[in-house]
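This report refers to the structure that appears directly beneath it.
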Amino acid sequence: MRVAVPTWTGRVSPVFDVAKRLLVVTLDGGGEISREEAAIEEGLLTARAKRVAQLGVDVLICGGISVPLEAMLVSAGVRVIPHTCGTVEEVIQAFASGRLTDQTFLMPGCCGRRRRFRGRHRGGRPGFNT
Amino acid sequence: MSESPEQHATDVILDSIADGVFTVDADWRITSFNRAAEQITGVSREEAIGQRCCDVFRASICESECALRETLDTGRPTVNKAIYILDSAGRRVPVSISAATLQDATGRVIGGVETFRDLSMVEELRKELEEKYTFADIVGRSPAMRQLFELLPQIADSNSTVLIEGASGTGKELFARALHSLSPRRDHRFVAINCGALPDTLLESELFGYKAGAFTDARHDKPGRLAIADGGTILLDEIGDVSPAMQSRLLRVLQERVFEPLGSVEPVEVDVRVVAATNRDLGKLVRKGTFRQDLFYRINVMRLKLPELRDRREDIPLLVDRFISKFNRLQSKDVAGVSDETMAILMEHDYPGNVRELENIVEHAFVLCRGGLIEPHHLPPAMRGGVDSKPGRARFPRTLKALEALHIADAIRRHGGNRTAAAKELGINPSTLFRKIKTLGIELPEREPPNQNQA
């Protein structure tokens, strides 16, 4: 499965709407197989969502994301895990081992509504249960 | 933790102002966060203190040109920069920010202070004035709306003519504007013209414009809406109401992208993306012979069908929320929401006027409600009262059986009384459907009820 995290100075980018760099990691059975960095230049939300989908991303772990952009990504079949903060490496590790729900990775002010793991194709997807 | 009197006084002062204020130390961690900052961002002081400011503030410039960073680097304060932040609900909040450095007694920079003002009211007013709506202004999570959201970007990208079909008040113009704002033409004009409201002669002159002297009182050249929309998008609203003569002229425009202003023989070329809207069933009009088939096919290249509000009831709470925020801002009120009982009434109403009707209902309630929650007695008279004006419509169902009955009735109504089609949509056998109609006691109209489309 391909997991993407927008990065900024080694941490999860705080606002995905304007993030410039995306780290895409391919995971299999809890281990990392490969990773690549992609630049996202698109400003228009629809183009941004398209780009993420085109990169073959299954799960996007991000910080703040505006509601329309999240909806577009979900419509495109990408599972979105918002309100995440922390260093990129720790976040990927936590996701791979199912610990991403820990308080430490939650952006301040977002625990009122527990992260909604939204994605259309959750049903048949093999692999991780976070 | 004991505070000096001066510190306490400062805190009280900071908490009494309307702008958000926070301070950070040299590591970008928040050291203070006033009450207004809590309200605007949706993050409490306890949660904010000690966190990295970008994780709390979530501003559009955090990554690229953080105002604090620039100010701390250059020593120059930032004043009134307009940006947006994401609040804890994922909403964009427009704010204007200012930043300055904090120095100790020796003049050494020990941190920064940032103040920000909520510009939502200003934005709301601007939107009302300029009618520049975007994708984000369309509200809905129902399956019907999700499907539309999926289509929107692709349709927006292309140059093809679009037909938006939907009953009155379903937001056809809003969708047309959203399409425009998502398209490559968004930097050019969006022009709307209501074809149903004007007689041919006026429609012609509005659409195509005229040259000086074309008729009595035509003193100057006047560009038509088509010319004004050059490079952009034009919305031809209520296209189903257009006369046959006008239909031929429109057909020519669509086919050849040229027209002649009144009183001129020089053809004018125009590069416009056409969006047509109607609340009629154009296919039916073509069959009846009142709408040209060739024009129909020119328009019907891409089709967006907007659902009626009663077919997307789950969006009602979201829409109510949106309207409450909007009117709160425009009227400087502080209505907190609707009571459970009011929501139940709102959920069961039929909404022949769709979203526009719902907006009017909320606006009406705003006049009567001073603050707090909207109660049933704030609603328009026609909606309250224990005795329902509609026979056969129960109170919003809570039991599974009642919900099932409502769902089945809705499906049958959507298919014009056709039980077989309804059964197919519901995914059950027609005989099962008939059995349920009997056991649940569902009252139904006869097959093919009279067409309810109003002009």
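The values are calculated or read from the model by the stated rules, or taken from the named source; none is laboratory data. As the structure is a prediction and not an experimental result, all values here were calculated from the model. Positions of Cβ are backbone-derived with ideal geometry, glycine not excepted, and every protein chain shown enters the neighbour counts. What goes into the accessible areas is simple: the full protein's heavy atoms, side chains included, and nothing from ligands, DNA or RNA. Shrake-Rupley method; radii C 1.70, N 1.55, O 1.52, S 1.80 Å.
Per-residue answers, yes or no, for (1) open to solvent by 60 Å² or more (accessible area, probe 1.4 Å); (2) within 19 Å of B:Asp271 (Cβ to Cβ); (3) at pLDDT below 90:
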site: B:Asp137; (1), (2), (3): no, no, yes
site: B:Leu151; (1), (2), (3): yes, no, yes
site: B:Gln154; (1), (2), (3): yes, no, yes
site: B:Ser158; (1), (2), (3): no, yes, yes
site: B:Thr161; (1), (2), (3): no, yes, no
site: B:Gly169; (1), (2), (3): no, no, yes
site: B:Ile193; (1), (2), (3): no, yes, no
site: B:Thr201; (1), (2), (3): yes, no, yes
*Hey, among the residues in segment A:50-76 that are at the interface with chain B (Cβ under 10 Å from one of its Cβ atoms) and open to solvent by 10 Å² or more (accessible area, probe 1.4 Å), which one's nearest to B:Ser88 (Cα to Cα)?*
A:Val67
*Inside segment B:81-120, can you point out the residues that are of a type in the set (Gly, Ala, Ser), part of a strand (DSSP E or B) and open to solvent by 40 Å² or more (accessible area, probe 1.4 Å)?*
B:Ala82
*Pairs, please: C-beta under 7 Å, at least 6 apart or cross-chain, first residue among the basic types (Lys, Arg) and in segment A:33-49, second open to solvent by less than 20 Å² (accessible area, probe 1.4 Å)?*
A:Arg35/A:Leu23; A:Arg35/A:Val24; A:Arg35/A:Val25; A:Arg48/A:Ile40; A:Arg48/A:Leu69
*Tell me, yes or no, whether segment A:99-106 has at least one residue that is facing chain B (nearest Cβ under 8 Å), at negative phi and in a loop (DSSP other than H, G, I, E, B).*
no
*asked:* Quick check on my filter: what residues within segment A:55-79 are farther than 14 Å from B:Arg92 by Cβ and charged (D, E, K, R)?
replied: A:Asp58, A:Arg79
_Scan of segment B:34-70 for residues that are over 19 Å from B:Asp15 (Cβ atoms), more than 9 Å from chain A (Cβ to nearest Cβ) and open to solvent by less than 10 Å² (accessible area, probe 1.4 Å), ordered by number_ = B:Ala67, B:Leu68
*asked:* Go through (1) at pLDDT below 90; (2) in a strand (DSSP E or B) for A:Leu73 and report which single condition fails.
replied: (2)
*segment A:5-30 residues that are facing chain B (nearest Cβ under 8 Å), paired with ones that are among the small types (Gly, Ala, Ser) and part of a strand (DSSP E or B) (beta carbon under 6 Å, 6 or more apart)*: A:Pro14/A:Gly64; A:Val15/A:Gly64
*Quick one: B:Ala422 ticks every box in (1) closer than 30 Å to B:Lys284 by Cα; (2) modelled with pLDDT under 80 except a single one, so which number is it?*
(2)
*How many of the residues in segment B:321-339 are touching a Leu at 6+ places or on another chain (Cβ under 8 Å) and β-branched (Val, Ile, Thr)?*
2
*Has segment A:35-49 got any residue that is more than 14 Å from every other protein chain (Cβ to nearest Cβ) and within 25 Å of A:Asp102 (Cα to Cα)?*
yes
*Got a sec? Which of A:Ser34, A:Ser66 is among the hydroxyl-bearing types (Ser, Thr, Tyr), in contact with a Leu (Cβ under 8 Å, 6 or more places away or on another chain) and at pLDDT 85 or above?*
A:Ser66
